[in-house]
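The values are calculated or read from the model by the stated rules, or taken from the named source; none is laboratory data. None of the values given here were measured: they were computed from a predicted structure. Here the Cβ positions follow ideal geometry from the backbone for every residue, glycine too, while neighbour counts run over all protein chains shown. Remember, those area values only see protein heavy atoms, side chains included, never the ligands or the DNA or RNA. Shrake-Rupley method; radii C 1.70, N 1.55, O 1.52, S 1.80 Å.
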Amino acid sequence: MRVLIIGTGGREHALALAIAADPAVTEVHAAPGNPGIAECATNHPVDPLSGPEVAALATRLGVDLVVVGPEAPLVAGVADPVREAGIAVFGPSGAAAKIEGSKTYAKEIMAAAGVPTAQARTCGTAAEIEAALDEFGPPYVVKDDGLAAGKGVVVTEDRGIAVEHALRCAPVVIEEFLDGPEVSLFAITDGTTVRPLRPAQDFKRAYDDDAGPNTGGMGAYTPLPWAPDDLVDDVLARVLQPTVDELRRRGTPFVGLLYAGLALTSRGLRVIEFNARFGDPETQALLPLLKTPLATLLAAAAAGELAAQPELEWADRAAVTVVLASNGYPESPRQGDQLTVAELPAGSHVVHAGTALDGQGRLVSAGGRVLAVVGIGADLDDARELAYRALTKIELEGSFYRRDIAAAAAAPVGS
Ligand code: AMP
Ligand code: GLY
């Protein structure tokens, strides 16, 4: 099988590593890719937002499967011309990806499918904004309706800040505050059959103890020792399957990865958001533990044949991933600094995200989230220790990372 991965980040590097490890795979291509991906795939230049360009590349390479990684191409409908060219795609159509592209649309789908989520109002005017803020009270949750690369959501006790963000975003979604821990649960689906992965947890704030601005994600781990045993079954029955069924019923079947961002609140399970793609950095922690060959699984989903696939198999291990961010991330990440990676401890590896080669072929930073280290161990303690030891082998001036990824889960209070 020949596979083409569209995208350039850490999620795509993690996908490339897992796809390359599938014995059925003979060639892995990536576009645009990054220097880490180049170690296990052939990179090609492409405009990832251009469906015709992606379809032409896939046709020229003669690939059997295209996997579209990031949300922007999916929401732009890049999967559509590839499918029309007769090539199998793992990634939803533009119409189905709207579940991530518009928060109002996601709420509409959830209401129709009976999926539990925060109550919300979509507001277009200052009067509607004030009324919604009064209705729900503080803490205020104000969300840009469209894609905003992790920067569209403001959660604040400060009414002035809430109003200011709402006016900047309008139309804007204002919703009730959800308390309780967050869980990311991903599911592979062919539009009918749904196969959930293991739950993972992401750390969205930039600094330790959940301080600082929201980011794309600073680290993740799996499994979640504190989560209820029936969590996956519950989310499958009450969230994932009804959503997939509703999208199919509307004539826009979702073929790809449906990401449920969940809050386990004092009043029960609630969906915070849906994404139409693998999450970053949760994917970096999850995929190394998946024993089922990934490309075969994604190809079966793309072909509408997921029901015939065996149950997913997982290594009985734990994984922790920690993101190394460049100076100034997320507001104004510095780029172009030299990056050195010495030999890493066994059981850990690096996943590239914002890296590039300079004119002399040296590795340099080229984005906010530069890379992630992944530690895989017998338990979370072990996996954390490996990930943090790996970080001591990496040098990038001015960079930073969170020290507390998976700390609470690895050492529960009272242990
Ligand atoms: P989103 O882009 O919708 O995932 O939101 C980004 C982050 O904002 C989430 O991971 C939560 O930490 C927070 N958030 C979003 N919606 C809510 C809500 N209704 N209540 C509390 N926190 C929220
Ligand atoms: N980990 C958050 C995201 O991928 O959106």
**Item:** Matching residues, region 158-180, being part of a helix (DSSP H, G or I), more than 14 Å from ligand 1 (Cβ to nearest atom) and modelled with pLDDT under 90
**Value:** 168
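I want to confirm something. Restricting to region 391-415 and keeping residues that are aliphatic (A, V, I, L, M) and more than 23 Å from the chain's Cα centre (by Cα), which single residue is nearest to residue 333 (Cα to Cα)?
Only one residue tops the list, namely 396.
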**Complete:** Scanning region 224-258 for residues that are closer than 30 Å to residue 350 by Cα and in contact with a helix residue (DSSP H, G or I) (Cβ under 8 Å, 6 or more places away or on another chain) gives 224, 225, 226, 255, 256, 258
**Request:** Please work out if residue 277 is in contact (Cβ under 8 Å) with a residue 40 or more places away in the chain and among the basic types (Lys, Arg).
**Result:** yes
**Message:** Restricting to region 202-216, name every residue that is in contact (Cβ under 8 Å) with a residue 40 or more places away in the chain, open to solvent by 30 Å² or more (accessible area, probe 1.4 Å) and in a strand (DSSP E or B).
**Reply:** 207, 213, 214
**Flag for residue 22 being farther than 25 Å from residue 247 by Cα and either surrounded by fewer than 21 Cβ atoms within 10 Å (Cβ to Cβ) or small (Gly, Ala, Ser) (or both)** = yes
**Message:** Return the residues of region 58-86 that are surrounded by fewer than 21 Cβ atoms within 10 Å (Cβ to Cβ) and farther than 25 Å from residue 143 by Cβ; say none if nothing qualifies.
**Reply:** 59, 60, 61, 62, 64, 80, 81, 83, 84, 85, 86
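Every residue, every condition in (1) within 16 Å of ligand 1 (Cβ to nearest atom); (2) within 18 Å of the chain's Cα centre (by Cα), yes or no:
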| residue | (1), (2) |
| --- | --- |
| 197 | no, yes |
| 204 | yes, yes |
| 228 | no, no |
| 267 | yes, no |
**Prompt:** What number of residues within region 31-73 satisfy the criterion of being away from ligand 1 (no atom under 16 Å from the Cβ), under 22 Å from the mean Cα position of the chain (by Cα), assigned to a helix (DSSP H, G or I) and touching a residue at least 40 places away in the same chain (Cβ under 8 Å)?
**Reply:** 3
**Boolean, residue 115 is within 16 Å of ligand 1 (Cβ to nearest atom), in contact with a Pro (Cβ under 6 Å, 6 or more places away or on another chain) and open to solvent by less than 60 Å² (accessible area, probe 1.4 Å)** = yes
**Complete set of residues in region 126-157 that are open to solvent by less than 70 Å² (accessible area, probe 1.4 Å) and part of a loop (DSSP other than H, G, I, E, B)** = 137, 139, 145, 146, 148, 150, 152
**Item:** Given (1) buried (at least 21 other Cβ atoms within 10 Å of the Cβ); (2) within 16 Å of ligand 2 (Cβ to nearest atom); (3) more than 29 Å from residue 223 (Cα to Cα), number of the condition residue 173 does not satisfy
**Value:** (2)
**Prompt:** Do we have residue 183 as more than 16 Å from ligand 2 (Cβ to nearest atom), in a strand (DSSP E or B) and buried (at least 18 other Cβ atoms within 10 Å of the Cβ) here?
**Reply:** no
**Item:** Of the criteria (1) over 30 Å from residue 268 (Cβ atoms); (2) free of Cβ contacts under 8 Å to residues at least 60 places away in the same chain, which one residue 120 fails
**Value:** (1)
**Residue list for region 98-125, filter: outside any helix (DSSP H, G or I) and touching a Ser or Thr at 6+ places or on another chain (Cβ under 7 Å)** = 115, 122
**Request:** Need at least 2 residues that are open to solvent by 10 Å² or more (accessible area, probe 1.4 Å), away from ligand 2 (no atom under 16 Å from the Cβ) and touching a Phe, Trp or Tyr at 6+ places or on another chain (Cβ under 8 Å) per element, so show me which helices (runs of 4 or more DSSP H) inside region 227-318 make the cut, counting only ones lying wholly within it.
**Result:** 294-302
**Asked** Based on what the data block shows, is residue 17 open to solvent by 30 Å² or more (accessible area, probe 1.4 Å) and under 15 Å from residue 66 (Cβ atoms)?
**Response** no
**Message:** For region 15-30, give me each residue that is of a type in the set (Val, Ile, Thr) and under 24 Å from the mean Cα position of the chain (by Cα).
**Reply:** 19, 25, 28
